[in-house]
Amino acid sequence: MAESNILTFFGHSSFRITTKKGLKIWIDPWLDNPSAPQDAKEDISADLILITHGHGDHMGSCMDLASSSAAEVVAIHEIQQYLLAKGVPNVTGMNIGGTYHTKGVNITMVPALHSSSIQEGQELIYAGQAAGFVIGLEDGYKVYHAGDTALFGDMAIISTLYNPKTVLIPIGDHYVMGPKEAAYACKLLDPKVIVPMHYGTFPALTGTVGEFKRQLKAHHVEADLVVLEPGQDLELN
Ligand code: NI
Ligand code: MN
């Protein structure tokens, strides 16, 4: 058993948590993203794959990971149905508000304020609502992956009910919160550690870490801001 749970960033909104017990949990794996580390696809073994919504920059490598390992995919009902129809064998559907316990981990699907669909050629397939996840690891450590989202006041409820210690927060603007909204979100969430994501991957995502830092200060948020480079690890203790 390892001493820490390890969070690894793969660029954009893609993360892997390797728990103390060695469980590999991927969230929104898109390993072809422009900022992914070169060796991103070297080890794509997975036990759990969590998908926040149907957009390609979040579903990205889901099929590859699911087919190369016996991973269980967890997503909203509509995405589950889509993946099952595509032949992915082990997919659990759930919905916003619920908690699913599997492999020693508690997965709570929480709201996100965003759209969701799956694009196939010119066609857009309905993919249910966009979501975020609060992931309670085997030792009780909690991580919140906000998915793609706008700021919403009920993040305060996520803080009160689940109290995630580390939050993964989009700051890129245009399609998601910008630095100002993201800083306010962190004020509501009151975590210990903040990891920014979903910025700089492509030109429309103009939100910067520098501006996020300024906004966190302006909003008197005192949590540690940890800026991960793609490929970099963070110990979750
Ligand atoms: Ni999206
Ligand atoms: Mn996105």
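The values are calculated or read from the model by the stated rules, or taken from the named source; none is laboratory data. None of these values were measured; they are calculated from a predicted model. Positions of Cβ are generated from backbone atoms using ideal geometry, with glycine treated the same way; all protein chains shown enter the neighbour counts. Ligands, DNA and RNA are stripped out before the accessible areas are found, and what is left, the full protein with its side chains, is counted by its heavy atoms. Shrake-Rupley method; radii C 1.70, N 1.55, O 1.52, S 1.80 Å.
Odds and ends about this structure:
- The residue of the range 222-237 that is most open to solvent (accessible area, probe 1.4 Å), among those that are in a loop (DSSP other than H, G, I, E, B) and within 23 Å of L161 (Cα to Cα), is E222.
- Restricted to the range 107-221, the set of strands (runs of 3 or more DSSP E) holding at least 2 residues that are open to solvent by 50 Å² or more (accessible area, probe 1.4 Å), within 16 Å of ligand 1 (Cβ to nearest atom) and touching a Ser or Thr at 6+ places or on another chain (Cβ under 9 Å) comprises 123-126.
- Residue in the range 101-119 that is more than 16 Å from ligand 2 (Cβ to nearest atom), in contact (Cβ under 8 Å) with a residue 12 or more places away in the chain and touching a His at 6+ places or on another chain (Cβ under 9 Å) present: yes
- The range 36-77, residues that are away from ligand 2 (no atom under 16 Å from the Cβ) and of a type in the set (S, T, Y): S45, S67, S68, S69
- Any hit, the range 42-54, residues being within 16 Å of ligand 1 (Cβ to nearest atom), in a strand (DSSP E or B), under 23 Å from G132 (Cβ atoms) and open to solvent by less than 20 Å² (accessible area, probe 1.4 Å): yes
- Residues of the range 10-23 satisfying the condition of being within 21 Å of V73 (Cβ to Cβ) and either open to solvent by 10 Å² or more (accessible area, probe 1.4 Å) or in contact with a Gly (Cβ under 6 Å, 6 or more places away or on another chain) (or both): F10, R16, T18, K21, G22, L23
Conditions tested, residue by residue: (1) over 27 Å from V176 (Cα atoms); (2) in a helix (DSSP H, G or I); (3) away from ligand 1 (no atom under 16 Å from the Cβ).
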site	(1), (2), (3)
G11	no, no, no
R16	no, no, yes
S35	no, no, yes
A40	no, no, yes
D57	no, yes, no
D64	no, yes, yes
A70	yes, no, yes
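- The range 59-71: number of residues that are crowded, with 20+ Cβ neighbours inside 10 Å and either of a type outside the set (S, T, Y) or in contact with a helix residue (DSSP H, G or I) (Cβ under 9 Å, 6 or more places away or on another chain) (or both): 6
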